[in-house]
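Undergrad: The structure under discussion is supplied below as structure tokens; questions concerning it will follow.
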Amino acid sequence: MRSTLSVFTLALAALPSLVSAHGFVAIVTVNGKDFKGDVPQGPSDPTAIRQISDVSPVKGAMNPDVNCGMSAKVASQVIDMNPGDKVEFDWRGGDMSFWPHNTGPMLTYMASCGDTTCDKFDSTKARWFKIQEVGRKDSNPSQWAQQDLMSGKTAAITLPSVKPGNYLLRHEIIALHLATQKGGAEFYPSCTQVRVGGNGAGVPKDNELVSLPGAYTDDDPGIFYPDTFNPSSKYPFPGPAIASFITSDTVGSTDTPVGSGSGSGSNSGSGSGPSKSGSASASSATGKASSSTSTGGSKGSCRLKKAAAKVNARAVVRPRHLSRIMRGITIGHSAH
């Protein structure tokens, strides 16, 4: 993943004071193959990850941006995958430093786009079902699985045996470091457009489908959570239960879903390398692009300092410096 991430930094070096206190999904990796997203505020290049307008958190459970992120735009591509594939989400700070938060759950949802490919689907009409939720670590309840992202690891799922079709794959971090007060939770959703093949048969029940916003309220025990820093408290996950057709051996552990973040894809950053038959991909990984449209959304309250100029967001070495939040953190594991 070193060369894949390196495509981000030259551009970010040109952005003045890009704050890393919040973040976005920079790369989705499927079975070791990287698919890059677009940097918030940067150009909208071909990708399957819906681009958000900035890296600030969505505030308020009923905020329309809880759907796919801050003013998320429909992407131009889709990624082909199959049940059993390992899917990793590489969350990064706004300056491509490691993810800055360590407290709160990570949730994964899917929504059918119907007969149309998801590059033509309005996500505000989506009916979502949950396929994974992870919270405190079994081995150390004083830590959350989210904390591993701070050392460069990735959040990982195994795609369940879902019926073939077009889906939005939504990965979400809910940061709870301020959730001891009502309205303090920070939502970070990200949506990736996928096409699932294979011969899976799993479909959610009607009562397992939710709308976003709508699945959460600011009063939910897992959103307003006074016991955030009490390791003996059993965390009440917000939203629906995991869809009943999904088995634990399919999605993996509910407490430690984090991958190595090694980015060992054979064509990572290599231009047009080999791809699955019929697959479409983002950026340097191979694939066929389809047309893109855009949707709007409302702004959250926690603002990122804005970029002064458009840049080619396809370049990055390691950031020259970490944010003040990242200073003092000893990076014990380098994923790149």
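Undergrad: Working only within the stretch 111-138, note down all residues that are open to solvent by less than 10 Å² (accessible area, probe 1.4 Å), in a helix (DSSP H, G or I) and either more than 16 Å from THR192 (Cα to Cα) or among the charged types (D, E, K, R) (or both).
TA: If the condition is that a residue be open to solvent by less than 10 Å² (accessible area, probe 1.4 Å), in a helix (DSSP H, G or I) and either more than 16 Å from THR192 (Cα to Cα) or among the charged types (D, E, K, R) (or both), then ASP119 is the only one that fits.
Undergrad: What number of residues in the stretch 142-156 are open to solvent by less than 10 Å² (accessible area, probe 1.4 Å), in contact with a Phe, Trp or Tyr (Cβ under 8 Å, 6 or more places away or on another chain) and not in a strand (DSSP E or B)?
TA: 3
Undergrad: Name the residue, out of LEU18, LEU12, LEU107, that is closer than 25 Å to GLY184 by Cα and at pLDDT below 95.
TA: Testing whether each residue is closer than 25 Å to GLY184 by Cα and at pLDDT below 95 leaves just LEU18.
Undergrad: Which one of these is among the charged types (D, E, K, R), surrounded by 24 or more Cβ atoms within 10 Å (Cβ to Cβ), over 13 Å from the mean Cα position of the chain (by Cα) and in a loop (DSSP other than H, G, I, E, B): ASP34, ASP95?
TA: ASP95
Undergrad: Just checking, does the stretch 175-184 include any residue being open to solvent by less than 20 Å² (accessible area, probe 1.4 Å) and part of a helix (DSSP H, G or I)?
TA: No, the stretch 175-184 contains no residue that is open to solvent by less than 20 Å² (accessible area, probe 1.4 Å) and part of a helix (DSSP H, G or I).
Undergrad: Does ASP95 count as at pLDDT 95 or above and among the acidic types (Asp, Glu)?
TA: No, not satisfied.
Undergrad: Could you tell me which residue of the stretch 157-174 is farthest from the chain's Cα centre (by Cα), considering only residues that are in a strand (DSSP E or B) and of a type in the set (A, V, I, L, M)?
TA: By that ranking, first place goes to VAL162.
Undergrad: In the set ILE173, ILE157, which member is under 21 Å from PHE24 (Cα atoms), of a type in the set (Val, Ile, Thr) and touching a Lys or Arg at 6+ places or on another chain (Cβ under 9 Å)?
TA: ILE157
Undergrad: Could you tell me how many of the residues in the stretch 44-65 are under 20 Å from ILE27 (Cα atoms) and either out of contact with any Asp or Glu (no Cβ under 6 Å at 6 or more places or on another chain) or in a loop (DSSP other than H, G, I, E, B) (or both)?
TA: Number satisfying all stated conditions: 13.
Undergrad: Okay, next question. Among the residues of the stretch 51-71, which ones are open to solvent by less than 10 Å² (accessible area, probe 1.4 Å) and within 13 Å of the chain's Cα centre (by Cα)?
TA: VAL55, PRO57, VAL66, ASN67, CYS68, GLY69, MET70
Undergrad: Only one of LEU159, LEU212, LEU169 is in contact with a helix residue (DSSP H, G or I) (Cβ under 6 Å, 6 or more places away or on another chain), buried (at least 17 other Cβ atoms within 10 Å of the Cβ) and not aromatic (Phe, Trp, Tyr). Can you tell me which?
TA: Matching residue, one of LEU159, LEU212, LEU169: LEU212.
Undergrad: Which ones in the stretch 185-204 are of a type in the set (S, T, N, Q) and surrounded by fewer than 22 Cβ atoms within 10 Å (Cβ to Cβ)?
TA: ASN199 - this is the single residue of the stretch 185-204 that is of a type in the set (S, T, N, Q) and surrounded by fewer than 22 Cβ atoms within 10 Å (Cβ to Cβ).
The values are calculated or read from the model by the stated rules, or taken from the named source; none is laboratory data. Because the structure is a prediction, the values reported are computed rather than measured. Glycine gets a Cβ as well: all are built from the backbone with ideal geometry, and neighbour counts include every protein chain shown. The accessibility values were calculated without ligands, DNA or RNA, using every heavy atom of the protein model including side chains. Shrake-Rupley method; radii C 1.70, N 1.55, O 1.52, S 1.80 Å.
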